Structures are given as C-alpha cells and as structure tokens.
Amino acid sequence: MSDIFKAAFIFVAPAADSKKHMSWVKTDKVHVKMVAVHDYHQGCMIIDDLCLEGIKAIELCAGFGYLGVASIVKAVDGRMHVGVVRFDRHPCLDNLSGDTLFMSSSES
C-alpha cells in the first residue's frame, strides 16, 4: 500500500481538453493532478479514469456551480471525496456561474 495520497483539482476553462490540459504537482506524500475541462460533461467523463489512477479526493474549482457539483458527485458515486471552491459568480467566467453556462433549463 502506498503512503502517497492522490487527489485531483478539476477546473473549467473555455476550449479545454482534459487529455492535453493537465499536469501533476508531486510532493513526497501528496500528488495532485490538475485537469482543465471545457464543461460539466467532460468533467464527469474523466471520473472513471481518475478513479483508476488511484485518485481519492477531487476538489472542484469555483466554476462548478451547484448543479455542476451535483453532476460530479453523481458521477463519482461514492468512490472519492468531493470538495468545492466556492464563488457564486466566477470572475474568470464573465462573472457567471458554471450553472448558467453549462446547464440548459432542460437538464435542471
């Protein structure tokens, strides 16, 4: 069993590609994978891969609104802990919530 704790930080960014826009920060005891996704759907789609990599916790950027957090929690399905950085309106998303950008009224 490894003494290294693996976590991920997922953030939303326009035109992001989660395979291309990712990097690791590794200390002796903690490895954090930073991953950019272009929307909530892509965030949900990478959960299985993160789990296979041994990720035990996910921190979501403030671009994930309440509905985005809920979609990630559903995708995680109890396999990892989920934490959230919180802005009601994100300054890097034109002061909007990701909920406004990524969730249509038919999805809520």
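The values are calculated or read from the model by the stated rules, or taken from the named source; none is laboratory data. Everything numeric in this text was worked out from a predicted model, so none of it was measured. Ideal geometry is used to build each Cβ from the backbone, glycine not excepted, and the neighbour counts take in all protein chains shown. These accessible areas exclude ligands, DNA and RNA; they are computed on the full protein's heavy atoms, side chains included. Shrake-Rupley method; radii C 1.70, N 1.55, O 1.52, S 1.80 Å.
Things worth noting here:
- Looking only at residues of region 50-70 that are within 20 Å of Ala15 (Cβ to Cβ) and not aliphatic (A, V, I, L, M), we find that the one that is farthest from the chain's Cα centre (by Cα) is Gly65.
- In region 60-79, the qualifying residues are those that are in contact (Cβ under 8 Å) with a residue 40 or more places away in the chain and either hydrophobic (A, V, I, L, M, F, W, C) or open to solvent by 70 Å² or more (accessible area, probe 1.4 Å) (or both), and the one that is farthest from His31 (Cα to Cα) is Leu67.
- Filtered residues of region 19-72 (kept if touching an Asp or Glu at 6+ places or on another chain (Cβ under 8 Å), under 24 Å from Arg89 (Cα atoms) and of a type outside the set (Gly, Ala, Ser)): His38, Tyr66, Leu67
- All positions within region 13-56 that are basic (Lys, Arg) and surrounded by 11 or more Cβ atoms within 10 Å (Cβ to Cβ): Lys26, Lys33, Lys56
- Wholly enclosed strands (runs of 3 or more DSSP E) of region 1-70 bearing at least 1 residues touching a Lys or Arg at 6+ places or on another chain (Cβ under 6 Å): 5-12, 22-26, 30-37
- Residue, farthest from Lys19 (Cα to Cα), within region 64-83, restricted to residues that are of a type in the set (Gly, Ala, Ser) and in contact with a Cys (Cβ under 7 Å, 6 or more places away or on another chain): Ser71
- With respect to the stated conditions, Gly83 is surrounded by fewer than 16 Cβ atoms within 10 Å (Cβ to Cβ), outside any helix (DSSP H, G or I) and under 13 Å from the mean Cα position of the chain (by Cα).
- Any chance Gly54 is among the small types (Gly, Ala, Ser) and closer than 25 Å to Ser97 by Cα: no
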